[in-house]
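Structure, as C-alpha cells:
The values are calculated or read from the model by the stated rules, or taken from the named source; none is laboratory data. Just so you know, these numbers come straight off a predicted model, no measurement behind them. A quick note on method: Cβ atoms are made from the backbone with ideal geometry, for glycine too, and the neighbour counts reach across all protein chains shown.
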C-alpha cells in the first residue's frame, strides 16, 4: 500500500513574528573616480590632504523590516533586490539590543514593484547570540500561550 504523505518541512527552531528593523552591511570597493571625488570633498573639510587616508572599501547599509525569527534564521522585507545564495552580514534589533549575524539568503521572492521577501538562514552564530535569539523566541511564545493565542 502506497502512502501520499510527504514530509514537507521540519523546523529545528520555533518561529515567532517579529516587527523590527535591521540592515545588511555590504562591502563595496570604490572606483578610482569615487576615491578622487571623496578626497576632494574631505580636503574642503580638513584642509590638508596629507591628513587623509581613504580606504578603497566602504560598507553600504541596506535596511530591512523583519517579519519573523527563529534560532535558525529570519524572514524579512526589503526594497533591495538580492540574489538567492548570497551570504551577507547584518544587524537586527531584538528586545532593545542589536544582534549581529551572518546569513545565507535561501529564498528571495519579489512581492511588488520595490519589495522583496527574503528568507535568511543564520550561519556561524556564536552560542551567546543564538541563545539570546532563542530566549527571545521562547519569551514571545510563553506570552502567547498565557494569552491563549497558541
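If you take the residues of region 35-54 that are touching a helix residue (DSSP H, G or I) at 6+ places or on another chain (Cβ under 9 Å) and at pLDDT 70 or above, which of them is nearest to residue 91 (Cα to Cα)? Taking the candidates together, the pick is 54.
Every listed requirement among (1) without any contact (Cβ under 8 Å) to a residue 60 or more places away in the chain; (2) part of a strand (DSSP E or B) is met by residue 92 save one, (1). Taking the conditions (1) touching a helix residue (DSSP H, G or I) at 6+ places or on another chain (Cβ under 9 Å); (2) modelled with pLDDT of 85 or more; (3) surrounded by fewer than 16 Cβ atoms within 10 Å (Cβ to Cβ) in turn, residue 125 satisfies each one other than (3). Whether any residue in region 69-79 is in contact with a strand residue (DSSP E or B) (Cβ under 9 Å, 6 or more places away or on another chain), outside any strand (DSSP E or B), surrounded by 12 or more Cβ atoms within 10 Å (Cβ to Cβ) and without any contact (Cβ under 8 Å) to a residue 40 or more places away in the chain is what I want to check. Yes, there is a match, as at least one residue in region 69-79 is in contact with a strand residue (DSSP E or B) (Cβ under 9 Å, 6 or more places away or on another chain), outside any strand (DSSP E or B), surrounded by 12 or more Cβ atoms within 10 Å (Cβ to Cβ) and without any contact (Cβ under 8 Å) to a residue 40 or more places away in the chain.
Could you list all residues from region 105-131 that are farther than 20 Å from residue 65 by Cβ and in contact (Cβ under 8 Å) with a residue 12 or more places away in the chain? Result: 123, 124, 125, 129, 130. You will find that of 150, 58, 145, the residue that is part of a loop (DSSP other than H, G, I, E, B) and free of Cβ contacts under 8 Å to residues at least 40 places away in the same chain is 150 and no other.
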